[in-house]
Each structure stands twice: as C-alpha cells, then as structure tokens.
Amino acid sequence: QVQLTESGGGQVQAGGSLRLSCAASRRTISSYAMGWFRQAPGKEREFIRVINYSGGSTYYEPPVKGRFTISRDNAANMVYLQMNSLKPEDTAVYYCAAGNTYSARDEDFHSWGQGTQVTVSS
C-alpha cells in the first residue's frame, strides 16, 4: 500500500489561508484517485474534495466551493489542498487518502495518512 503523510496544518485566523500537503511513499500515486477528508471533534469524517489520477477532474462538497482547491503533482508524488477564506467551522483534522475509484465515499479509499490539525480562530 502507499504510505501517506500530511503536513501544513496549524492555527490560523478566520479569513486566512493554509496549504496542506500530502507526501506519498512506497508506491507512486499516479494511478490513484486522491481525496481529502476532515473530521471535526465529535463529528463523523466528511469528504472534502477528490481529484482523479491525472488531475483532470475534481469534485467537491458545497461547504468548500470556491474556497478549497485540490491539486496533484504525480512526478513528485504529492497532493495538495489549498484552503482560502477559512472559517472556524473548518477546524478539524484533515486527512488525505488514496483509492482506486474516483469517489467521494471514504470506503472507496484504501490508504490514509495520519492527519494534520487545522484550527481556525474567530
């Protein structure tokens, strides 16, 4: 399985930006769909965005429309989540994941990172 490691989380004020990175090792991610999910305290993990293997297609959930952008660099084995106009309700642990299917369902992803904390203060 591919090993994933997220970084770039931290604390930011509302309206600020963060760029999360997901570094893959052990295997190339070039044939995988890559997704970002998040889990807030006391809540279930929720889907944010997914990008297909080539980067030519993405899908997102409405709460992040126009604010979060997913991208990938297959040559570098990296996936990114650019988060702008952050809100306190974006506070969560953010996870990247790899899957064989272009999907928004977490059960379709077979490899997960350990997560990175994002805290947005008002």
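The values are calculated or read from the model by the stated rules, or taken from the named source; none is laboratory data. Keep in mind that what you see is a predicted model, and the values were worked out from it rather than measured. For neighbour counting, all protein chains shown are included, and Cβ atoms are generated from backbone atoms with ideal geometry for every residue, glycine included. Heavy atoms of the whole protein, side chains included, go into the accessibility calculation; ligands, DNA and RNA do not. Shrake-Rupley method; radii C 1.70, N 1.55, O 1.52, S 1.80 Å.
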Top-ranked residue in segment 91-107 [being of a type in the set (D, E, K, R) and touching a residue at least 40 places away in the same chain (Cβ under 8 Å); ranked as surrounded by the fewest Cβ atoms within 10 Å (Cβ to Cβ)]: Arg105
Test: residue in segment 16-32 that is touching a helix residue (DSSP H, G or I) at 6+ places or on another chain (Cβ under 8 Å), hydrophobic (A, V, I, L, M, F, W, C) and either in contact (Cβ under 8 Å) with a residue 12 or more places away in the chain or closer than 20 Å to Thr119 by Cα (or both): no
Hits in segment 26-50 - residues which are open to solvent by less than 70 Å² (accessible area, probe 1.4 Å) and within 14 Å of Asn74 (Cβ to Cβ): Ile29, Ser30, Tyr32, Ala33, Met34
Segment 65-88, subset closer than 14 Å to Arg19 by Cα and hydrophobic (A, V, I, L, M, F, W, C), residue surrounded by the fewest Cβ atoms within 10 Å (Cβ to Cβ): Met78
Total residues in segment 63-114, condition part of a strand (DSSP E or B) and over 14 Å from Trp36 (Cβ atoms): 2
In segment 8-25, the residues that are part of a strand (DSSP E or B) and either open to solvent by less than 60 Å² (accessible area, probe 1.4 Å) or modelled with pLDDT under 95 (or both): Gly10, Val12, Leu18, Leu20, Ser21, Cys22, Ala23, Ala24, Ser25
Residue within segment 102-121 that is β-branched (Val, Ile, Thr) and modelled with pLDDT under 95 present: no
